Amino acid sequence: MSARASVATSSRSAMPVLAMSLILAACAGSNASNEATNAAGKRDSAAMRNDAFERFVEAYPADGALGFSAWTERDTVAMLGRDVPEYTQFQRRYARPSFGDGLIRFVGDDDVGARGLPAFEWNGPGRWRTAWPGRPQLAVFAYDWLARQYALDAARLSAGGEPLVSLLDPDDGAVLESEMTFRELIELLAGSKGERILDKRLYATWRAAGGAAPGPRQCVAYKHPLVVGGKRTVENMELGDMDVHLTLMAQHHEQLGAPMGR
């Protein structure tokens, strides 16, 4: 299984961020793993799916008991243009608005209220699309504390017909087009590389220094953006509004001649 990266960066940022590098590496190595699994033929696909989801929940405890139990196939179709059974099951049985003390959040149904961010609102006109207007085929299903958006791409499908994952990073303006399905990403995050992808150690340092866990519409942003020489340090971080941060980062990249995701 291969992986592609569509990366728009300024001249100051020649490499994708760590999260993207790890996902690319995982994609590159997943073909052999999938072949071995297929050859063994001993595990039911539903069991594999549940194992991955349960490992994720164990790795990143939910920040609340209420989830998206009312989510149905119709919601998935409305969001993605097709039913993706594994995504529907995760939303209905496992997903919560927030995991890991605000480390990563999932968008949910319209009843999420103040606990989270409604999927159809966040994927509607404006919102994250203001920063990445050239990506109408994407639907964001999660975002992390650094405002990186995790999306499913209706224009790119796996061999089994599932939309593939893309990662949108506002700090370097990049869009990674992986060849991972939703379950494969959840499985990756639940494993040893997940903490590095989500920058869990840096987040723990931020929290230990008195930084607040971001709320549903917030993120932790760099005061002096990385794209113009800022440092990846807690001292250079502040809690802010996610919409505002994405808009400001889009403006930074536009001024630098490298519009986000183009």
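Computed from label points 7 Å out along Cα-Cβ, the spacing between Ala78 and Gln251 is 3.4 nm. For Asp63, neighbours were defined as the other residues whose beta-carbon sits under 14 Å from its Cβ, and their charges (Lys and Arg +1, Asp and Glu -1) total +2.
Given H placed on each backbone N at 1.01 Å, which residues far from Arg156 in sequence or on other chains put an amide H within less than 5 Å of it? Amide H to amide H, under 5 Å and 5 or more residues apart or across chains, Arg156 pairs with Leu164. Our coupling estimate for the range 75-88, obtained by passing each phi through the Karplus curve with A = 6.51, B = -1.76, C = 1.60 and θ = phi - 60°, is 5, 5, 5, 5, 7, 10, x, 6, 7, 10, x, 5, 5, 4 Hz, Gly and Pro reported as x. Label reach from Gln137 (point 7 Å along Cα→C-beta): in the range 171-185, amide nitrogens under 17 Å belong to 175-182. Computed over protein heavy atoms with a 1.4 Å probe, the accessible surface of the range 184-262 works out to 49 Å² per residue. Phi angles across the range 197-204 convert, under the Karplus curve 6.51 cos²θ - 1.76 cosθ + 1.60 with θ = phi - 60°, into 3J(HN,Hα) values of 4, 8, 6, 5, 5, 5, 5, 4 Hz, Gly and Pro given as x.
Values of log10 I(q)/I(0) for the range 150-253 across q = 0.18, 0.23, 0.24 Å⁻¹ run -1.02, -1.29, -1.31, by the Debye formula with one identical scatterer at each alpha carbon and no solvent. Extending 7 Å from Cα along the Cβ direction at Ser192 and again at His224 yields two label points whose distance is 3.6 nm. Backbone amide hydrogens, once placed in the peptide plane, bring Ala142 within less than 5 Å of Val107, Tyr150, excluding anything fewer than 5 places away on its chain.
The values are calculated or read from the model by the stated rules, or taken from the named source; none is laboratory data. In this text the structure is predicted, and so the values were computed from the model without any measurement. Note: ideal-geometry Cβ built from the backbone for every residue, glycine included; neighbour counts use all protein chains shown. SASA here: full protein model, heavy atoms, side chains in, ligands and nucleic acids out. Shrake-Rupley method; radii C 1.70, N 1.55, O 1.52, S 1.80 Å.
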